[in-house]
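Colleague: Here you go, one structure.
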Amino acid sequence: EGFSTNIYCVHDEQSITGSRTGFVAIKSLNDMCSDDEKSVSRLENEYALSIHLASQCSSVRPALFLSEFDGLPAIYLEWAAGIALSKWINSLHKKWASSPPSGNGRSSKLCKHDIKII
């Protein structure tokens, strides 16, 4: 969720959306931003980028479709179980703040001579 959007997890029992898991994430604009052209355009752009990136990379799930939810513009996506990316990033920052990463092979130092332009 963000300033302009709400995210819902909806059980799609009859697979109306084409969901493979039976659950759909619906990202819709909130009431405050539903009439804002920039917010609507940003949501439409996110949908188009999702479709494009999924055609280029198998790790990206494409949006199922762009429509409305409760009368507000919305993107429908396959639900992915887990925590929000922002929470995951915050947990990493907190972990590193309390104990910086050690040289245990899980992190590496990138030096200028390691960079190659391709």
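Values quoted throughout were computed directly from the atomic coordinates according to the rules given, and no laboratory measurement underlies them. These figures come from a predicted structure and were not determined experimentally. All Cβ positions, even for glycine, are placed from backbone atoms using ideal geometry, and neighbour counts span all protein chains on display.
Colleague: What is the sum of charges around residue 88, taking Lys and Arg as +1, Asp and Glu as -1, for the other residues whose C-beta is under 14 Å from the C-beta of residue 88?
Modeller: Summing Lys and Arg as +1 and Asp and Glu as -1 gives +3.
Colleague: Tally Lys and Arg at +1 and Asp and Glu at -1 over the other residues with C-beta under 13 Å from the C-beta of residue 38: what net charge comes out?
Modeller: -4
Colleague: For the stretch 1-90, what does the alpha-carbon gyration tensor say about shape, rounded, prolate or oblate, given a ≥ b ≥ c as the root eigenvalues, a/c under 1.5 as rounded, and a/b over b/c as prolate?
Modeller: rounded
Colleague: How many nm is it between the label spots at residue 23 and residue 81, if each spot is 7 Å from the Cα in line with the beta carbon?
Modeller: Here the answer is 0.6 nm between the modelled labels.
Colleague: Here's another thing I want to ask about it. Between residue 96 and residue 11, 0.36 nm times their residue separation minus their Cα-Cα distance comes to what?
Modeller: Between residue 96 and residue 11, full extension yields 26.9 nm more.
Colleague: What's the local net charge at residue 20, with K and R +1, D and E -1, over the other residues with C-beta under 15 Å away?
Modeller: Result for the neighbourhood of residue 20: -2.
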